[in-house]
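The values are calculated or read from the model by the stated rules, or taken from the named source; none is laboratory data. Every value quoted in this text rests on a predicted model; they were computed, and no experiment measured them. Cβ atoms come from the backbone with ideal geometry, glycine included; neighbour counts cover every protein chain shown. Please note that ligands, DNA and RNA were not included when accessible areas were found on the heavy atoms of the full protein model with its side chains. Shrake-Rupley method; radii C 1.70, N 1.55, O 1.52, S 1.80 Å.
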Amino acid sequence: MKCVTLFRDNDHCWQVFGQDPDKPDNVIDTNQYAVHCGGSTILLDPGGMEVFPGMMAALTREISLDQVSALFLSHQDPDIGSSLPLWRRVCGKDIKIYLPWLWSGFTAHFDRDAVFTTIPDEGMEISVGGARLRFIPAHYLHSSGNFSVYDPRARILFSGDMGAALVPLDKTGGSMFVTDFTSHVQYMDGFHRRWLGSTRARDAWVAQVSKLDIDMLAPQHGLIFKGDDVKRFLDWIAALEIGSGLAAMNR
Ligand SMILES: [Fe+2]
Ligand SMILES: [Fe+2]
């Protein structure tokens, strides 16, 4: 699995892990993020159980597992956090697990012994080894309890499934970043039209994140937007017609 450093300022560092050539083809590709600071690490959407061996191998090339102090699950999907019991087995016992309060009873189906620190609907701010991370509400996008994560110092927004794209490995150009926004749209268009259903939620999220200083918008699938492509993505999603699944119900 590939590992790319997105930001580094002294001991404060963001890394993305993904594009694993050894991943089975029928398992959707995901990006896992690690934020390191002050000797602590939080994993953002640590991934599904199928990617756990590759992810653990890639992570332990960078840090030792006893540095992992927290996991964050943006929502309940299996590709986000079905690896939870495996991480709990290999990391320290007092690892913190942040997730939307709405999903705690459901996520317990992955791991009934996990103790969750639940995030209220309004979001919250946490510190990881001195790095401040803000959980920003992204409800109904696509999950009814869902959060993005903003780091004001790194100016990175982890956007979960917002901005997700299904890019074939041989079309990435070997990069983790969007290099041609117009041609990238084909890989994210169908996903957003179908998985997003609420224009009110979409508009509220775009209004919130447009106020932030963002150098990189980092989704859980596909390529990362940086520089002018961040604004391009926000303008594109703001204008997109969503809820395509309704067509099958209105016949
Ligand atoms: Fe999802
Ligand atoms: Fe996802």
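What is the gain in length, in nm to one decimal, between MET124 and HIS109 on full extension, counting 0.36 nm per residue of separation less the C-alpha to C-alpha distance? Mind dumping the intermediate values first?
Numbers: separation 15, 0.36 × 15 = 5.40 nm, distance 2.48 nm.
Separation in residues times 0.36 nm, less the Cα-Cα distance, equals 2.9 nm.
Given contacts defined as C-alpha pairs under 8 Å and at least six residues apart, what's the relative contact order of the chain, whole-number percent? Before the final figure, lay out each step's value.
On the way: 482 pairs, mean separation 37.0, N = 251.
Reported as a whole number, the value is 15 percent.
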List the aspartates and glutamates whose Cα sits under 15 Å from the Cα of LYS93, skipping any in the same chain fewer than 8 residues away. ASP66, ASP111, ASP113
Ordered by residue, what ³J(HN,Hα) values in Hz, to whole numbers, does region 167-173 give under the Karplus form 6.51 cos²θ - 1.76 cosθ + 1.60, where θ = phi - 60° and Gly and Pro are x? 9, x, 3, 7, 10, 7, x
Considering only protein heavy atoms and a 1.4 Å probe, what is the carbon-and-sulfur percentage of the accessible area of the chain? 50
Percent antiparallel among DSSP beta bridges confined to the chain, rounded to 5, stands at 65
What lysines does LYS23 reach when the alpha-carbon gap must be under 21 Å and sequence neighbours fewer than 8 apart in one chain are set aside? LYS2, LYS171
For region 42-146, state which GluC sites (Glu not before Pro) are in a DSSP loop and have at most 11 other beta carbons lying within 10 Å of their beta carbon. GLU122
Compare the Cα positions of PRO152, GLY105, GLY54 along the charge dipole of the chain (+1 at Cβ of Lys, Arg; -1 at Cβ of Asp, Glu; about the Cα centre) and return the one farthest towards the positive end. GLY105
Dipole magnitude (debye, nearest 20) for region 2-249, charges at Cβ of Lys, Arg, Asp, Glu: 280
Return the lysines within reach of LYS231: Cα separation strictly under 20 angstrom, same-chain partners fewer than 8 residues apart disregarded; answer none if there are no such residues. LYS211
Probe 1.4 Å, accessible area per residue of region 145-249, Å²: 45
Between the alpha-carbon centers of region 1-47 and region 131-146, tell me the distance in whole angstrom. 19
